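Student: Sharing a structure here in structure tokens format.
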């Protein structure tokens, strides 16, 4: 029987499980905002079909909640004015739908390396609000040509190299954790 990621008997110390939070917590959100805006714009320009697939949901406010990070993201996938903004976890953010899971579960989902339905049924992913909009978003991501994470990293400009290295290091740590149970 596999050990749950939330099981207190997880093989690595809690500190390593919290690595993404530690790396990002001290960063002021106003410094993240231009980066998030650049990412949203870059994704909209690189994958216009993604936004076309969302049809009536392009003005839906999706709250993306990486539960192991100190902030949440509000996404409004309007191709003409894409919006991606970070808020501190304690702020009340008006939204239509919420998708919550760990950073890596959400990342694996948008990369196509994890099945959103399986994550949902194992309760590793929580969806609230407008579920039709969430299903439409998931289907649009599933049909996407190319790797969305690579597109996101490409939108970071000069920060692409360091961000790729940091993500690779975190995946290596996570990978070693996954293989120990």
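Student: Please state, rounded to one decimal and in Å, the Kirkwood hydrodynamic radius that the stretch 85-181 gives when every pair of distinct Cα atoms enters the mean of 1/r.
Tutor: 15.3 Å
Student: Against the 2.2 N^0.38 Å scaling, with N counting residues, where does the stretch 71-129 land? I'd like the Cα-based Rg ratio to two decimal places.
Tutor: In units of the 2.2 N^0.38 Å rule of thumb, it is 1.21.
Where a number appears in this text, it was derived from the coordinates with a stated rule and is not lab data. Keep in mind that this is a model prediction, so the values were computed, not measured.
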